[in-house]
Amino acid sequence: MTNIFINQTPSNPEFTDNISYELGMKFISSQTGQINAIRYWKANSETGSHTGKIWSETGQLLGSVTFANETGSGWQEQVLSTPINIQANTIYTVSVNCNAYYVYAYDQLANPITNGNLSSVADGNNGVFGSAGAFPTNSYRNSNYFRDINFVTAALPTITNNSGNNQTGAAGSVLSAPLVVQIKDGAGTPLSGVTVNFAVTSGGGSVSPTSAVTDINGLAGIILTLGVVPGAIGNVTNTVEASADGIGSVTFSATATHSTNNLTILTTQVPNLQNFTDGVPYELGMKFRSASAGQLIAIRYWKAASETGTHIGKIWTATGTLLASVTFTNETASGWQYQALETPLNIQSNTNYVVSVNGNAYYVATNNELANPIINADLSSVADNNNGVYNINPNSFPTSSYQNTNYYRDIVFAVSNRLIKTSGDNQNGSTGATLPNPLVVQVLNPQNNPQPGLTVNFEITNGGGVLSATSMVTDGFGQASTMLTLGAVPTAPGGVVVKATVEGIGSTYFFATAIPANPNAIYLENQNPGSTGWKLVNRGTDEIAGYASATSVNRGESLDIKVSLAQSGQFVIDVYRLGYYGGTGGRLMATSGLLNGTTQPACTLDPNTRLIECNWTTSYVLQIGNNWTSGLYVAKLTDQTSGKVAHIWFTVRNDSSTADILFQSSVSTILAYSTTGGYSLYSFNSINGQRAFKVSYDRPFSQATYQQSYEADTMLRWEYNMVRWLESQGYDVTYVSSMDVHNNPQLLLNHKVFLSVGHDEYWSSQMRDNIEAARNAGINLGFFSANTCYWRVRFENSTVAAGPIRPNRVMACYKSDWSLDPIIQQQGATAATNKFRSFQNNRPENALLGVMYGSDTTSIYGGYNMIITNSTDPYYANTGLSNGDQLTLLVGYEWDFVVNNGSSPPGLVILSQSNVVPSNLLPTYDEPPGEQALPANQNFNLANSVRYTASSGAKVFASGTIQWAWGLDSDDVNPVREDVRIKQMTVNILADMGVRPLAPAPNIIVP
């Protein structure tokens, strides 16, 4: 007897994820023979019943046996009650279930393992797994799960294709040649009198007769009528299986050609996950649209190999009205399934619809495939960052989305005359220049013949410019064209849009970019293709976490990344820069490839200060390119075992930059709220309500790692939206973290404007000193934030608990317990790390900002309307706003107000005065008795935006609300606040500070 495995051993002899599987291996024999036994390597902790199975290549179960008298571990072998005959050079699968534990060796089946006539199959998809008891088809890294057979060669009867294979014909036609098999005995002599059964297994059609008996030459044949699949596109494969009892089977393939006058959205796409299940039924769908009106004639979906049951296809409006449905019939085992609608459905041009088909247990998928539009002629999927829709209730309108996953639900669209672009799209040119190539369209009929004599209307719908012709008639080639001269204003990528329309057929769009004469680094950076892959989705509990050796790094330097896994395994680091990038919000800059990870040592708790510090080894050294653009960056960590994701946030600086705007990321505030290890600077989210007095950067940010509902302290909440808008408009920006403002005052003096955005609550006295010094030196300050400069903190060296001692890795803030701080004993009360407004510090925020923190609301996405005052102020120019007008939900979740404490800057202008309802805790929150820091009789029911001009000439603006950025960009914000009036006002503010956008939106007037 022969086995495939002789001396191979598992690299992991004891693994579990507490899931039962069917684990197997594909194999082949160069000679006919019999399988007499099945064997598998048992893990030490594995228990329960085990059944071995032999499968055909297509998943037909050929035989099985239950193991008896197993030992505790190692190789187990069970003889089959009846040997299984196998053919030469034919692929089979052996599998044995596991109940919880199994062994494996990664990549061991990437190359064939051969012993005598037997070998494993090296097709890049071996080492198969699936649900226990089912045919296993999934594969991960060609893993060897140590499933094997005992085999003996034997001269067995054979069945082979003799003639008629791989023919082609029109759908519904009879093939010209019969499908003929030949049967021979083990000595190679033809066998007569053997019954051969023929059956169509995919593609439709019929065979006649369904069985035939071999003649004296061992031949038997039938005739195939090719199937007609309603709505099918192009070619469809028809498959016929011929089988003889006790001998085996062979397969015939034929190609049925269908009409090419129909279109689908999906063409060559193939799912990455072809047989996935989480044991839950779903309604799975895709949003789509057509540039031309027409008819839907069929629905189709890609069926997973293990999926069973009834399937109903549906077409919905974008708002959930069911327009059509149909039940699938005559399904094949897997692959594309088509079902014609009883009545074709008319759809409108440029209108969103949803196609969906329920899944009962198994489905196919490719994550992120719908993040960008899939386009086929006039048809396209919708790229709104919420496609790949599902509903946990089958046959209900699907609206949820996970990672823009393509579930392979599609439509068949009846093509009539269509308008297509032939050349001239996506050109670039200098402002005011005529593009070198004409914009050319062509009208074709369903047979792809050009259609002359039709009028094509051209118009610029966005971005400005002039067309050489706005109406043209198609020539003998069905073509019409126009030339585009770009406008004088630069645009974002694709910002100039030209629409071409033929009445009764539809429209298509050309995109062009007007490039400025001297583009800045931000404008050029955002010409690059973007990705939504950076988004923080599928966070877990503790599956994966990480932190970096610094909060910011200069271009050309390196950054140590430290990662811990809950279970040893592999992970990937993908590094993204955040920006606009055509609305995707990020750009992939680097990827690590697969890295090996372990569980890092537990972090250390100082019981006196509740300081948590980690001392993890470096998992990966990220080299920052000299050409990387300064910005906010995300290192996305993905655990390959669980699929769970975590982030590490950092800033890339350009210390030699003299960009107009210096954007500060408020990393010190993120640190204050982070609860990793159980403690933050707050009692509400610390263990037993005992807050820490000190927190460390040498630990993962909880906000970037764990599932939480309350996150008022992440750069993705407000800073990200401001970044998107600034970069979409082509502002000249460079980026630093709040730690850089603490460390290097010179950075502030190299720019026209300093920006604080969102939630910027925790400042050191050095930060306050440096920003005030910048203002006094004439640097303009834009505080698009609230609760700003509230708590005074102190930065200290790390301790030995975090490894080598490094400066400024620990942040201390004792708050109302300031007197417990040992530093107070050395330096006195003026060193207190409590509120800047407290009498120990006596530096109220409004002396710098003009306003100071008033209160908050518990709803992060709630808030109050901003009410306009002083509407004749230049900051309101071209907004159309009047006194008393309201901007929806822009005040929150924390806000500032004007306080009469004698510290307000002279010449303070109040720009808004909004009605709010303050929290019950404020204004005396965390103040010891007798230390109330605000004067009595303040109106805490108001919130204010203000501006003033410092004696140095520096302009200072304070929004008095954290949520201002949501009026500029509302990506991932619900409800949406985006408002052109806030955009215009922000342009006015920055222009007053000497900064203007390079590529403003067309509805913005730049002063």
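We did not get these values from a lab; they are worked out from the coordinates using the rules stated. Please read these numbers as outputs of a predicted model, since none were measured by experiment. Counting neighbours? That spans all protein chains shown, and the Cβs are built from the backbone with ideal geometry, glycine included.
Residues whose amide H comes within less than 5 Å of that of ASN350, counting only those at least five positions distant or on another chain, are SER290, ALA291, SER292 (H built at 1.01 Å from N in the peptide plane).
Here the residues HIS759, HIS50, ranked from fewest to most Cβ neighbours within 10 Å of their Cβ, fall in the order HIS50, HIS759.
Can you tell which of GLN932, THR482, ASN111 lies farthest toward the positive end of the dipole of the chain, using +1 and -1 charges on the Cβ of basic and acidic side chains (Lys, Arg; Asp, Glu)? Of the listed residues, the answer is THR482. Think of the chain as having a plus end and a minus end, set by charges on the Cβ of Lys, Arg, Asp and Glu; of ALA877, THR857, GLY204, ALA877 sits farthest toward the positive end of this dipole.
Using alpha-carbon positions, what is the distance between the centroids of segment 709-749 and segment 902-944, in Å? Result: 26 Å between the Cα centres. Here's how it looks for GLY597: its modeled amide H is under 5 Å from those of GLY569, GLN570, PHE571, which are all 5 or more places away or on a different chain. Residue by residue, segment 901-914 carries 3J(HN,Hα) couplings of 10, x, 10, 4, x, x, x, 5, 10, 8, 9, 8, 9, 10 Hz when phi is fed to the Karplus relation 6.51 cos²θ - 1.76 cosθ + 1.60 (θ = phi - 60°); x denotes Gly or Pro.
Placing +1 on each Lys and Arg Cβ and -1 on each Asp and Glu Cβ, with no other charges, gives segment 626-779 a dipole about its Cα centre of roughly 280 debye.
Calculated on C-alpha atoms, the gyration radius of segment 695-737 divided by its Kirkwood radius gives an Rg/Rh of 1.08. Which Cα, out of ILE159, SER192, VAL753, lies furthest along the positive dipole direction of the chain (beta carbon charges, K/R +1, D/E -1)? Farthest towards the positive pole: VAL753.
Mean projection of the Cα convex hull over all viewing directions, computed for segment 655-694: 3.9 nm².
Stokes-Einstein diffusion for segment 12-153 at 20 °C, viscosity 1.002 mPa s, with a Kirkwood radius from C-alpha pairs, works out to 145 µm²/s. Extension gain for THR317-THR255 works out to 18.8 nm (0.36 nm per residue, less the C-alpha to C-alpha distance).
Rg/Rh for segment 424-537 stands at 1.08; both radii use Cα atoms, and Rh follows the Kirkwood definition.
Could you quote the convex hull projected area for segment 262-414, Cα atoms only and averaged over all directions, in nm²?
Here the figure is 7.7 nm², rounded to one decimal.
For the pair segment 5-53 and segment 750-781, the centres of their Cα atoms are 65 angstrom apart. Considering only the Cα atoms of segment 878-1007, their convex hull presents on average a projected area of 10.4 nm². Averaging the Cα positions of each part gives two centres, and for segment 447-464 and segment 972-1007 these lie 34 Å apart. Whole-Hz Karplus values for segment 31-38 come out as 9, 5, x, 10, 8, 9, 7, 10 Hz, taken residue by residue from phi with 6.51 cos²θ - 1.76 cosθ + 1.60 and θ = phi - 60°; glycine and proline positions read x. For the pair THR210 and ALA324, a Förster radius of 41 Å applied to the C-beta separation gives a FRET efficiency near 0.70, rounded to the nearest 0.05. All Cα-Cα separations within the chain were binned at 10 Å from zero, giving a P(r) of 2, 9, 15, 18, 18, 15, 11, 7, 3, 1, 0, 0, each value a whole percent of the pairs. Computed across segment 158-257, the Kirkwood hydrodynamic radius from all distinct Cα-Cα pairs reaches 13.6 Å. Between GLU77 and THR47, the modelled label-to-label distance comes to 2.8 nm, taking each label 7 Å out from Cα in the direction of the beta carbon.
Pair-distance distribution P(r) for segment 491-637, from all Cα-Cα distances in 10 Å bins starting at 0: 9, 29, 27, 17, 10, 5, 2, 0 percent.
Rounded to whole numbers, the Karplus 3J(HN,Hα) couplings from phi for segment 150-162 are 10, 9, 10, 6, 7, 7, 10, x, 10, 10, 9, 5, 9 Hz, using 6.51 cos²θ - 1.76 cosθ + 1.60 with θ = phi - 60°, and x at Gly and Pro. For SER798, the residues 5 or more places off, or on other chains, whose built amide H falls under 5 Å of its own are ARG806, ASN808, ARG809, VAL810. Counting neighbouring Cβ atoms within 10 Å and putting the fewest first, the residues SER642, SER558 line up as SER558, SER642. Each of THR532, THR319 has some number of other Cβ atoms within 10 Å of its Cβ, and from fewest to most they run THR319, THR532.
Assigning unit charges at the beta carbon (Lys, Arg +1; Asp, Glu -1) and nothing else, what dipole magnitude in debye, to the nearest 20, does the chain show about its Cα centre?
My answer is approximately 740 debye.
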